[in-house]
Structure formats: C-alpha cells, structure tokens
Amino acid sequence: MNRSASGRSPVLVAEDLSVSFAGKVALEGVSLAIPRGCLTALIGPEGGGKSTLLRSFNRLNELTPGAVTAGIVRLNGVDIHQGGVDAATVRRKVGMVFPEATLFPRSIFDNVAFGLRASGQVEELHNRIEEALTTVGLWSGIADTLDARALSLAPGDRQRLCFARTLALRPEVLLLDEPTTALDSAATARIESLVHGLKGDYTIVLATSGRRQAARLSELTAYLEGGELVEHGPTETIFTNPRDARTESYLTGRFR
Amino acid sequence: MRAARDRDWLGGLSGAAAVLSGGAFLTLMGFLLIDALPALQLDFLLSPSTSRLPDGTGIGPAVVGSAWILLIAAALALPVGIGTAVYLEEYARRRRTATAVGRALDGLAAVPPVVHGVVGLAVFVRALGMGATILAGGCTLATLALPAVVSTAREALRSVSPEVRLAAYSLGATKWQVVRRELLPTAAPSLVAGSCLTLSRAIGEAAPLLVLGAVSFITFVPAAPGDPLVSLPTQVFAWTTRAHADFAALAAAASVALLAAMVGLRLAGAVLGRALQRSAR
C-alpha cells in the first residue's frame, strides 16, 4: 500500500479516490497517505484538485449538490463514508480553515465557541476559548474585547480567529485551504509562523498555490494536476528532483 | 453624436414613464382622500357594527376581521412556507422531490385569487366544516400567500454566503444547527421584510373572501376565528355596489384604511428587517 514517506503511521488515507461534480471529474483515482504529525503540502495549478482532495478528508464535498465520491477515505483506519460514521464527528476531528476568513457575523467569543457549542462541549467553554486564542497569538490583544464583533478585526487577525475557531475543537488534523491567499505579506508571514508552530502537534494538510510556501512549511509534498495525483514524496525531493516532467514544469514556472 | 441624441430621447421617454407611474399613485391617493374625507371620522373607524344605512355605520368589525385573518394567515403560511424553503434549500437541494415541490408551488402561484376562493369554499368552508368564518378566510389567504412566502424565504436563505455555511459545517455543526444558528438568523432581516410584503398583499384581496361568503353587515366586532367572515376589502366591495351616494364616501374611507394597513405592514416589515440586520452586524 501507500508507504508513508516519513515512515510514520498515516492518520488519513485516500484509496483510489475519485470525486465528480454533476458529472465533471474533479479528482480521479487518488491514493495518498497523510502521515501523523507531518505537514503535507498539496500543490498544483488551479483546478488541479487540491481543494477537492482536502474536502474529501472532512466530507465537505457531499454538501455540494451533484457531488459523487467513489473510493475510500480512512481516518485512523476507519472508512469515514461508512454507514455508522457521523459527518459532524469527522469534521470535529478534521478541522478546516478556508481561503477567506469565513467568520460568523457575531462576537469574537461566539465565533470561537461555535463548534464547541454545536457539539455540546460547554463546560470549559471559556478555558477552551482562551487556550485556542492563545495558540493563535490573539489572546493578549483581544482578551478584553471578546464581545466585539468578529468582523471588526483586521483581515490577518480574522484569519487567525478562524484558526482559533477550528483549534478550539482540538482536532487531530488541520486542513488548510490556501489560508493566506487573501492576505498581504505581513499577515501571510504571521499565519505561516503560526502554522509552523502548530506543526508536530497536529497533522496538517496545506493546499497552496504558493510554491515557496509549500517549500518553507512542508515535510511532504503532493503534486496534483487535472484531478490526478502526479507524484508525492519528501518536499525536498519533489522540489529538487521531481520524477515527473509535469511537476518539474510547474515548479519551474513553465506551467502554461 | 447620434448616440447622444438617442440617449436624450430615451431619457426623456423613460422620465415621462416614471412621472406617469408616480403620478398614477398620487392621483389615486388624491381622489381617494377627497372622496373619503367626509366619512373619515373616528367613530367610523371604531364603530362596533356595520349598518345597512350609511349613517352610523363603520369599519370596526372589518378592521378586526382583517387583523384576525392576517394573524391566521401568518401563523399558517409563515411556518409552512419557511419550513418548505429550508427543506428545498438545505435538505433536498437538486433532488427530485425539490423539483416536484418547486413545480407545484409555481402552479399554486399561478392560480388566480378568485380560484383560491373557490377551492377554499370547497375545502375549508364545506369539507372541513368551518363555514364562512374568519378561520376559513385566514386559511384561504394562507394558501394564497404560501408560494410567495416560500420564494421570498428561498431568496433570503440563498443570500447567506455559501462560505459561511460551509464553515459552520466544517466546525461539526449538524444540518439543523446550521439552519437554526446560521441560516435563519442571517436570513431573518429579508425574511421578515419579505413576509410582511407578501402578507400585506394577501390581506388586500377581496375576491377569494367574497367567494367564501364574506358578510357585509354585522352588528358585533368578531372576537374569535369562528365568527362570521368580515374584512376590509370585502367591506369596500360591498359598499361600492350600493346605489346611495353616501356609500361611495364610505367605500373610499374604508379603502384609505385598507391602504394604510397594507402600507403600515410593509413599513413595519422594512423597519423590523433593518433593525434585525443592524443588530446582527
């Protein structure tokens, strides 16, 4: 089967995974293991299947009308599409951060509390929120203004709040879908250092169109193009010595 | 140059059309008020009974009847309509049931009000044994308003950003939690404004209530849904069919009251909607 490139046991495994939307193929025959505690970068051109693969890991594709998934996704060995598996439970274990800060039009506190309240984990609400906001480096700045509207924060802080909202659920896996794409370079740097700090504590899958970002942050890299997993392996190998000509032309910027 | 001249020409024409549209409303209101003025007295508005004679009659029972009808129609059409919209938008997206229900609602929307009255007469008045009551009127207007409530509610639900919706799901929220905590609160401002607009149209309808058997003469103010069907629009209609000249003024005065109620409901919806929007931000 899939040898995990680092030798560590995989948290997530995709086996011959195909996804189509209303008959249009977005992902075809992808098999990939995401090893525990590693940061795996998904790179490739737009429309290559990065987001679709990420959303396969937390069953988000099924919310899109006309989506059809074939193949298997395993979380800690369990098929997440199996009858008895609850999508909400999967999503609590496999958290996600989106390209744009998708905050609810409510207070900072309510945003971070959202997932905890939805799953009824309200006993230590305040502690969990403090913990999450501390992790993302926002606590000291906003501890006194938790009732302020979340949308009043600066764009970079909003995205960090999205991280906090996801981390408050103490997930095992973090799916990061182009988390810095809407941010300026200073805010991007802060998010990158946050992601760097989260490495090791979480298994992270980062979809990014920033080649340098992938090189800076990841241990493993997977290159997707046209819905196909072209190749994957240790980031250094992929970037310095890609096996496939498509990967090479993408990395050298000759793509299209 | 030619393009510029065309534009002037079009501008003039559309401007004239705009003046005509605005003018139509003002003219209508003007004539109505002039006709209504002699009859617009406080005891006319509050009179507890309608009389067969122009003197001493009033619209008290009709106002209360219309209020009852509004309440009943709202109590039925809003939960059913909003529930349907939530189902269609969130639970059955693009499935066959959604298409079927959507088509049926389109069909319902195309049914003329008077036909709603005929169906209401057969179903509510006769089959369900309600008789020509306020309850039957409210039920009939609820079916009349239902398609519009559903489509307004669907629009409102669609206005919630899909990203925020996905974010809620990604945090482990169930469908019901997403609907209750995100979709409905976010859509609430347009839901409220749209519902008030739709209901204001419904309470202005005379035709279906006339078919049901609305009365134009009643000596008491209706106190329960089981009381005889009286309403403002049917009262207006009844008075316009009377020969005596004084009834013209009564019809005009009742029309003014009806218009005021409809405009008031719309305004209330708009104001409440905006207030909800402000508090949500």
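Structure data summary
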read-out: Packing-based ranking, highest mean first, of B:116-125, A:178-187 given that Cβ atoms within 10 Å are counted; value: B:116-125, A:178-187
read-out: Equivalent ellipsoid semi-axes - Cα gyration tensor, chain B, angstrom; value: 37, 28, 18
read-out: Cα pair distances of the protein assembly as shown binned at 10 Å [whole percent]; value: 4, 15, 19, 17, 14, 13, 10, 6, 2, 0, 0
read-out: Segment B:Ala122-B:Val263, extension gain: residue separation times 0.36 nm, minus the distance between their alpha carbons; value: 47.6 nm
read-out: Cα centroid separation - segment B:223-253 against segment A:73-134, whole Å; value: 59
read-out: Label-to-label distance, nm, for residues given as A:Thr252 and A:Val122 (7 Å Cα→Cβ offset); value: 6.0
read-out: Ascending count of other beta-carbon atoms within 10 Å, so fewest first, for B:Tyr91, B:Tyr169; value: B:Tyr91, B:Tyr169
read-out: Computed E for A:Thr89/A:Glu46 - FRET, C-beta separation, R0 35 angstrom, nearest 0.05; value: 0.65
read-out: Rel. contact order, % - alpha carbon contacts under 8 angstrom, at least six apart, segment B:101-172; value: 31
read-out: Label-point separation, A:Thr145 to A:Ala70 (7 Å along Cα→Cβ), nm; value: 5.3
read-out: Relative contact order of chain B, pairs being alpha-carbon contacts under 8 Å that are 6 or more residues apart, as %; value: 28
read-out: In range of the label at A:Ala154: residues from segment A:199-230 whose backbone nitrogen is under 13 Å from the point 7 Å along Cα→Cβ; value: none
read-out: Restraint check, A:Lys50/A:Lys93; A:Lys24/A:Lys93; A:Lys93/A:Lys199; A:Lys24/A:Lys50, Cα-Cα greater than 24 Å; value: A:Lys24/A:Lys93
read-out: Cα pair count fraction exceeding 21 Å, expressed as % - segment B:142-281; value: 57
read-out: Sequence of A:Arg158, B:Arg201, B:Arg96 once ranked by neighbouring C-beta atoms within 10 Å, starting from the fewest; value: B:Arg96, B:Arg201, A:Arg158
read-out: Ellipticity estimate at 222 nm from DSSP helix runs (n ≥ 4, -39,500 (n - 2.57)) divided over chain A, nearest 500; value: -9500 deg cm²/dmol
read-out: Folded to 0 to 90 degrees: helix A:185-198 orientation relative to chain A principal axis, Cα; value: 90
read-out: Taking chain A and dividing mean pair separation by its residue count, relative contact order in percent (alpha carbons under 8 Å, at least six apart); value: 27
read-out: Ranked B:Ser161, A:Ser18, A:Ser56, criterion: other C-beta atoms within 10 Å, fewest first; value: B:Ser161, A:Ser18, A:Ser56
read-out: For a label point 7 Å along the Cα-to-beta-carbon line of A:Asp244, residues of segment A:53-93 with backbone N under 16 Å; value: A:53-54
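Values quoted throughout were computed directly from the atomic coordinates according to the rules given, and no laboratory measurement underlies them. Quantities reported herein were computed from a predicted structural model and do not represent experimental measurements. Glycine gets a Cβ as well: all are built from the backbone with ideal geometry, and neighbour counts include every protein chain shown.
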